[in-house]
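Accompanying notes for the structure given below.
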Amino acid sequence: MTTHKDEIDLLELFRRMGQKIGQFFTGLLRFILLTILYFWKNALILLGFVVVGGFAGFGISKMAMPYYSSDMIAQINTTNVSEMMAYINDLHELCKENNNEVLSEYLQLTVEVAEKIKDINAFWIIDQNKDGVGDYVDYRNKYDLRDTTQRRIQNRFDLQVEVYDITGFNDVKKGLYNYVTINPYLNSLNENRKKRIRELIAETNNEILKLDSLQKYEYFKKELSAPEEKGQMLIWNEKETRLLHPDLIGLFRQKQSLERDLELFSEVITVVKDFTPLSQVENPVMKYIKKWGLYFGVLGVILKFLFDKRRNIRNFVNKKETR
């Protein structure tokens, strides 16, 4: 009897679940149909809001100056990335304040060229796969330090420059290079780093010479001076000839790596990927028209809904006041 009752309860449970699922999809379909019908009935009004928003966006675009954007990826050879980014983002603060006089002084440019700069900013490069290769640039600074699935690249960063006029962009590039290279602190760090690399190369050369001499002794002099064996008699205390070739190869590779660092990364920073071409305006007219058309369209939906429900809203407010 108990088993039969449990079976009935289970069937009732499935029946109610089926009803709830059916009610959910019925309500969802009804909501979609009513939404489509609402937009269809008020299409002209909402379209009017969109058109007004488009005209507003067009007017705003004429007041805003068009600008161009370019990015460069650089490798840090002296200090850490966060310190270098903070140093470069001092220029970002000057751009925000429109302090063209100080900006021109820092970049060793004329004030006229500095006025063509909209912004200069440094951003982190994010590695999503932890393979040491950057996957995207964190332009919005949304990286979460608690996220263990990705990490910041610690020796490279993205430098973005926005200018109003492409004619002075080459001067801006030279100014940025001057800004980094004339820094006494960064230069002293770089010279100290190169000095240590040269010392390591010299010490590695000495070790290679010593190991080469030892190898010649082991392979030639020791073998020639070894006593001849008589019959099958073995000399148990005789040491085997050491193979020093792997050690020599390791030292040569270490030396080549140091020489590569000294040759390729001799400056404060190394340009990994140069600035991209300034071929496209970042704030075209259509971008403003679409954005403001969407804003006014949403505003039209809200205002039309409030207008249709004005009686209900008025009654609700009156009830609140009477209480």
### Message
For the range 116-133, which positions are in contact (Cβ under 8 Å) with a residue 24 or more places away in the chain and either more than 17 Å from MET85 (Cα to Cα) or of a type outside the set (Val, Ile, Thr) (or both)?
### Response
LYS116, ILE117, LYS118, ASP119, ASN121, ALA122, PHE123, TRP124, ASP127
### Query
modelled with pLDDT under 90 and among the β-branched types (Val, Ile, Thr) - does that describe any residue in the range 258-270?
no
### Task
Confirm whether GLU12 is of a type outside the set (S, T, N, Q) and either under 30 Å from ALA122 (Cβ atoms) or assigned to a loop (DSSP other than H, G, I, E, B) (or both).
no
#### Entry: Residues of the range 54-65 classified as without any contact (Cβ under 8 Å) to a residue 60 or more places away in the chain and crowded, with 16+ Cβ neighbours inside 10 Å, total
0
### Task
Please work out if ASN89 is in contact (Cβ under 8 Å) with a residue 60 or more places away in the chain and under 30 Å from LEU262 (Cα atoms).
no
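Residue-by-condition table, conditions (1) loosely packed, with under 10 Cβ neighbours inside 10 Å; (2) hydrophobic (A, V, I, L, M, F, W, C); (3) touching a Phe, Trp or Tyr at 6+ places or on another chain (Cβ under 7 Å):
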site: LEU13; (1), (2), (3): no, yes, no
site: GLY18; (1), (2), (3): no, no, no
site: LEU33; (1), (2), (3): no, yes, no
site: VAL52; (1), (2), (3): no, yes, yes
site: ALA74; (1), (2), (3): no, yes, yes
site: LEU91; (1), (2), (3): no, yes, yes
site: GLU101; (1), (2), (3): no, no, no
### Query
Would you pick out the residues in the range 103-122 that are hydrophobic (A, V, I, L, M, F, W, C) and crowded, with 19+ Cβ neighbours inside 10 Å?
LEU103, LEU107, LEU109, VAL113, ALA114, ILE117, ILE120, ALA122
### Message
Yes or no: the range 233-253 includes at least one residue that is surrounded by fewer than 16 Cβ atoms within 10 Å (Cβ to Cβ) and modelled with pLDDT of 90 or more.
### Response
yes
### Query
So which of TYR87, TYR68, TYR38 is of a type outside the set (A, V, I, L, M) and buried (at least 17 other Cβ atoms within 10 Å of the Cβ)?
TYR68
### Task
For the range 182-203, indicate whether the set of residues that are under 21 Å from TYR68 (Cβ atoms) and outside any loop (DSSP other than H, G, I, E, B) is non-empty.
no
### Query
Within the range 56-64, is even one residue in contact with a Leu (Cβ under 6 Å, 6 or more places away or on another chain) and of a type in the set (A, V, I, L, M)?
no
### Message
Taking the criterion of being outside any helix (DSSP H, G or I), of a type outside the set (Phe, Trp, Tyr), under 27 Å from the mean Cα position of the chain (by Cα) and at pLDDT 90 or above, would at least one residue in the range 81-96 satisfy it?
### Response
no
### Message
Looking only at the range 99-138, filter to residues that are of a type in the set (A, V, I, L, M, F, W, C) and in a strand (DSSP E or B); which one of those is farthest from ILE88 (Cα to Cα)?
### Response
ILE126
### Query
Counting just the residues of the range 260-282 that are more than 22 Å from ASN170 (Cβ to Cβ) and surrounded by 15 or more Cβ atoms within 10 Å (Cβ to Cβ), which one comes out nearest to the chain's Cα centre (by Cα)?
PHE265
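The values are calculated or read from the model by the stated rules, or taken from the named source; none is laboratory data. Computed from a predicted structure; not experimentally measured. Don't worry about glycine lacking a Cβ; one is built from the backbone with ideal geometry, like all the others, and counts go over all protein chains shown.
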